[in-house]
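Beneath this line is the structure, given in structure tokens, with notes to follow.
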Amino acid sequence: MDTAPASAPASAPATDALVALFRRALAVHTAEGRQPPARAVLQAAAEACRGLLAERWATTQAKDAKRGAGQRRVHYLSMEFLMGRALRNAIAALRLEPALKEELARHGVSLADVLEAEPDAALGNGGLGRLAACFLDSFAELGLPTFGYGLRYRYGMFAQGLQDGMQVERPDDWQREGTPWDVERPGIGFVVGFGGRVEAEADGTRRWLPAERLRARAFDFIVPAHGHGHVATLRQWEARAEQPIDFAAFCRGEHAAAGAAQLAADTLNWVLYPDDSTEEGRLLRLKQEAFLVSASLQDLVARHLAEGRPLSELGRANAIHLNDTHPALAPAELMRLLLDEHGLGWDEAWAITRQAVAYTNHTLMPEALETWPVWMFERLLPRHLEIIYRINHAFLSEVRERVPGDEALVRRVSIIDEEHGRRVRMAALAVVASQRVNGVAKLHSQLMVETIFADYARLFPGRFTNVTNGVTPRRWLQQCNPGLSALLDSAIGDEWRRDLSALSALRGKAGDPALGQRLASVKRASKQALAARIQRELGIAVDTDSLFDVQIKRIHEYKRQLLNLLHVVHRYQAMLANPEGPEGRGWTPRTVILAGKAASAYAAAKQIVRLAHDIGRVINADPRLEGRLKLVFLPNYGVSLAEAIIPAADLSEQISTAGTEASGTGNMKFAMNGALTIGTWDGATIEMAQHIGEADVFVFGLRADAVATLKATGYDPRWVAAQQPALMTVLEAIGNGAFSPGEPGRYRALVDGLLNRDPYLLLADFADYVATQSRVDALYRDPVAWNAAVLRNLAGMGFFSADRTVAEYAAHIWSPPPAMPPRADPQRNA
Ligand SMILES: *Cc1c(COP(=O)(O)O)cnc(C)c1O
């Protein structure tokens, strides 16, 4: 870790200068004499910050360019960066908040309104994209030489609306009023080719003649450190046609045809494809991936040479990290650049590529592993396909040499799947080309080498490792929860702001009831703010003394929002049947809060959204409950909504089928904000329980090995349901239309699916889940014990900082390889 700051944090004169810049910018936006709209104030604040950030960027680059042999520059390639808003982070990092507040007060504008006016940059789906954004924050804080690389999607993924409970997708036009943070880099652009053909030159080299050529333009988003002047960069590429209009066609009056090339380029940048339901969609997705990889690696090679380093050192001086397989074309593209553009021989190019590349796997679900039909490569990326064939040939020869006579093994590990219509297996390419492959939590990394990558793990035992995920405590605690942060400062000092492991000092104070009460009042204030928002946006009144039970994440069957809903319906029925509560102790009031987007082509997930809405409509209007149970679905889940909901949560739902959630990071954010967790023994929740103490986490359900055994020996969900009258009553109510009286059959198929298949074992885990929820109720009725448990949870969360995660990557995955022996490479041509 580099501790020498590139420049000091904003001192008083720097703050004065920033305020002066802000005033000048605001004067321009208010020249018409009107009260400045929040959006104009945002623009002015961003302009002021951006100037200083750009200076820090230049200082950082100059310093990183001179790094010694002990440090590599890391290039983090990701199709998704779920950045969220930037202003609050920028003014915190630049220590600008007090001065800016004072300045805004003079204009009668509140900082909160300005922060809310910023669009949420939602260029990702969920956890994988948010992880990339947290890493950028830690790259800056740790002072690592890095570049994040992504695509500049015009419309993100989609904005979620609800109409009668049904999800509707709208374009998320987040750039509509400009993007105040982007720094355009006019000097930086690369040509990326597609299609065409490959020719052999007289000397044996290969020459690719692409049919389509797009220009990649660079836009930088600068991410500041908080403790010093280092910054990280997210460079996002935008596609432009080389010839924006066909002038001759335009003059003939064929206006649409004249713009066709630019339209094709624009399409590439429109949206992050949330699903691959059409062939056109799949082709576009592959094109997006190739575009990201090619522009980024051309940029890398150009920078490496500009730093005055020889090509032979490229792999030692640079790491290329693949966030899942979406950028797994990188090894093929780097080979192409080294062979075709820079004239290296195959062996040297391959050695450099192997040194540079590392890959993080994010899912074990076979259906989520990317493969592309060979014909798509032939059509879009013919030269890359040749290179992949040659990589595969060399790899399979090695396999045959090391394990003679096992052709079944050769077929299983081949980069080309010959059995499903010839497809390129991107995970295989990533594994074969990588120096290191990691999973994102201990259980996931273990299952990864036991299941999907078992063959490769036998062939390359040293290649596989684990790095457990983390989240940035700056956004996910300091900024989203200033009340709790101030309480922590006063309880244990502010060292935790620099080193989250200092939270462990809370363990000795967890039994202090006065501290527990202060904690509870911070929580109450967050719940009041969220309740006001729910009232304002949905017109639903919720009781701020009730337990806020929260599940927010992508809607997916494996995450089991449906299990949550089964519990809600069961509780509803039990409350009606027994108004006095279990053993006459009354019902612990609960507000169940859900949020999440369903992929647009994922019908089962969309049904779950609708069911949540339908159940909520019935329950929320039932006077017999006297407000002791509410179900709320907040639309358009994203980073900003998460920042508002998480500080208000009492209970965090992490209830995936054991063995399916790679890590989860939402689980970490909740525990850092004073929620207790109800969860399965899955992903990083396991390690959280180990750091916190298992007694302070509500663990339930089958474990991963039991899930595998049950599935192997034959799981009969109908039989399981038949043993549990309470569960049958829940399923019958949903299946018979109790929550959809206008269309009684609406959820018949959903319930039949559970009774007949239930692939995620909801029915098997139902009884234990309900029983564990009763333990939650009981603890909540004892505030002293509850608050003590919350404090012990906080005390165990220091490990889950992204700073620790990124430091582990730096030490175990990105550390420079030993010097290559100098060698003459007789084979110059591939
Ligand atoms: C943290 C986060 C996620 C990941 O949540 P999981 O519960 O780990 O799936 C997804 N989306 C957003 C907006 C997040 O902030």
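Odds and ends about this structure:
- Here the range 576-621 is assigned +1 on the Cβ of each Lys and Arg and -1 on the Cβ of each Asp and Glu. Its dipole about the Cα centre then comes out at about 280 debye.
- Net charge over other residues, Cβ less than 12 angstrom from the Cβ of L111 (K, R count +1; D, E count -1): -4
- All-pairs alpha carbon distance profile, the range 553-693, 5 Å steps from 0, percent: 2, 9, 18, 20, 21, 16, 10, 5, 1, 0
- Where the alpha-carbon atoms of the range 220-351 are placed on the principal axes, they occupy 54, 44, 33 Å, in descending order.
- Crossing angle, helix 127-142 versus the chain [Cα axis fit, 0-90 degrees, rounded to tens]: 70
- Per principal axis, descending, Cα span of the range 300-345 in whole Å: 31, 20, 15
- Fully extended contour minus Cα-Cα distance, from E313 to A541, at 0.36 nm per residue: 75.8 nm
- Calculated diffusion of the range 442-501, Stokes-Einstein form, Kirkwood radius summed over Cα pairs, 20 °C and 1.002 mPa s, µm²/s: 149
- Here the chain carries DSSP beta bridges of which approximately 45% are antiparallel, counting only pairs with both residues inside.
- Of the GluC sites (Glu not before Pro) found in the range 340-405, not one falls in a DSSP loop while having at most 11 other beta-carbon atoms within 10 Å.
- For the range 573-587, 3J(HN,Hα) computed residue by residue from phi via the Karplus equation (6.51, -1.76, 1.60; θ = phi - 60°) reads 5, 5, 5, 6, 6, 9, x, 7, x, x, 6, x, 8, x, 8 Hz, glycine and proline entered as x.
- Around A510: net Lys/Arg minus Asp/Glu count, Cβ-Cβ under 15 Å: +1
- Order of W270, W786, W181 - criterion: other Cβ atoms within 10 Å of each residue's Cβ, fewest first: W270, W786, W181
- Residues E661, E201 arranged by fewest to most Cβ contacts within 10 Å: E201, E661
- Two-decimal ratio, the chain, of alpha-carbon radius of gyration to 2.2 N^0.38 Å: 0.97
- The range 176-237 and the range 687-708: distance between their alpha carbon centers, rounded to Å: 44
- Test item: Cα-centred dipole of the chain, Lys/Arg +1 and Asp/Glu -1 on Cβ, debye: 860
- Amide proton proximity set for T233, modelled H, under 5 Å, gap of 5+: G148, V223
- The packing ranking of peptides 728-734, 100-106, highest mean first, is 728-734, 100-106, where packing means the average number of other beta carbon atoms within 10 angstrom of each residue.
- Calculated translational diffusion coefficient of the range 600-674 (20 °C, 1.002 mPa s; Stokes-Einstein with Kirkwood radius over alpha-carbon pairs) equals 145 µm²/s.
- For the range 74-84, the Karplus equation 6.51 cos²θ - 1.76 cosθ + 1.60, evaluated at θ = phi - 60°, returns couplings of 9, 10, 9, 9, 8, 6, 9, 9, 8, 7, x Hz by residue, with Gly and Pro reported as x.
- Principal-axis tilt of helix 260-270 within the chain, Cα atoms, nearest 10 degrees: 40
- Residues with amide H under 5 Å from that of V74, placed H, sequence gap 5 or more: T146, F147, A319
- Relative counts (whole %) of C-alpha pair distances in the range 678-830, using bins that are 5 Å wide: 2, 7, 11, 12, 12, 11, 10, 10, 8, 5, 4, 3, 3, 2, 2, 0
- The per residue volume of the convex hull around the alpha-carbon atoms of the range 27-114 is 131 Å³.
- Here the range 474-570 is assigned +1 on the Cβ of each Lys and Arg and -1 on the Cβ of each Asp and Glu. Its dipole about the Cα centre then comes out at about 280 debye.
- In plain terms, the bigger the Kirkwood radius, the slower the diffusion; for the range 241-317, with that radius from Cα pairs, at 20 °C and 1.002 mPa s, Stokes-Einstein puts D at 139 µm²/s.
- Charge-dipole axis of the chain as Lys and Arg at +1 and Asp and Glu at -1 on Cβ define it, positive-most pick from L676, G308, Y389: G308
- Amide hydrogen neighbours beyond the local backbone of T677, cut-off 5 Å, H modeled: S652, F698
- Alpha-carbon centroid distance for the pair the range 325-368 / the range 720-773, whole angstrom: 47
- Computed from backbone phi with θ = phi - 60° and the Karplus coefficients 6.51, -1.76 and 1.60, the 3J(HN,Hα) list for the range 104-121 is 5, 4, 5, 9, x, 10, 9, 4, 4, 5, 5, 4, 5, 6, 6, x, 8, 6 Hz; x is used for glycine and proline.
- Using the rule -39500 (n - 2.57) for each DSSP H run of four or more residues, divided by the residues of the chain, the 222 nm mean residue ellipticity is -14500 deg cm²/dmol.
- Cα long-axis angle, helix 12-29 against the chain (0 to 90 degrees, to the nearest 10): 90
- Over 15 Å [Cα-Cα, the range 491-551], rounded percent: 64
Any read-out appearing in this document is the output of simple, stated calculations on the displayed coordinates, not a laboratory observation. Note that the structure is a prediction, hence the values are computed from the model and not measured. Glycine gets a Cβ as well: all are built from the backbone with ideal geometry, and neighbour counts include every protein chain shown.
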